[in-house]
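Working notes, structure below.
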Amino acid sequence: MKFYSLLVWGYMGLMATTTDQGGQYTDQVKAQLALIRMVASNEGWKETHGNMFGSLDKGESRNYSITLRSVRQYKVVADCDNDCSDLDIAIYYNGNLVAKDNQCQPPVVDFTPSRTGEFKLKVIMYQCRSNPCDYWVSVLGKDAD
């Protein structure tokens, strides 16, 4: 809960100071990612996978294949540029939904897999004022207690 509280306060501050200057959407998402890294590292979270960047139109989604280990806790975080107001993430194993977050912005999924394996990470762009919207996803992990 501490992670999420710090994330929300930092995110609100960032959004208040980030402006659309010449369509620098990539800079917006990279600044948001830097904030996530700072907050996460203070709580012992480390990046476990390369960051995923992309662009989606409203209603589109993109899938990523990621290997997760059962001995780790994971925190999957994502965000998008200022034209995006609703981005969701979901995690699937063998076609079954195992974790999702579609209730908060920016989306955060806390997940500890019951087994090591290949998982599908789905990014869904529900709202985008000006297509396409840029987004990023970061997978963080730490050893399970």
Quick one: 143, 110, fewest Cβ neighbours within 10 Å first, how do they rank? 143, 110
J(HN,Hα) series, segment 85-92, from Karplus relation 6.51 cos²θ - 1.76 cosθ + 1.60, nearest Hz, glycine and proline x: 10, 8, 10, 10, 10, 9, 10, 10
Compute the separation of the alpha-carbon centres of segment 59-87 and segment 104-127 and state it in Å as a whole number. 5
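Throughout, read-outs are computed from the coordinates displayed, never taken from laboratory work. Keep in mind that what you see is a predicted model, and the values were worked out from it rather than measured. Backbone-built Cβ (ideal geometry, glycine too); neighbour counts: all protein chains shown.
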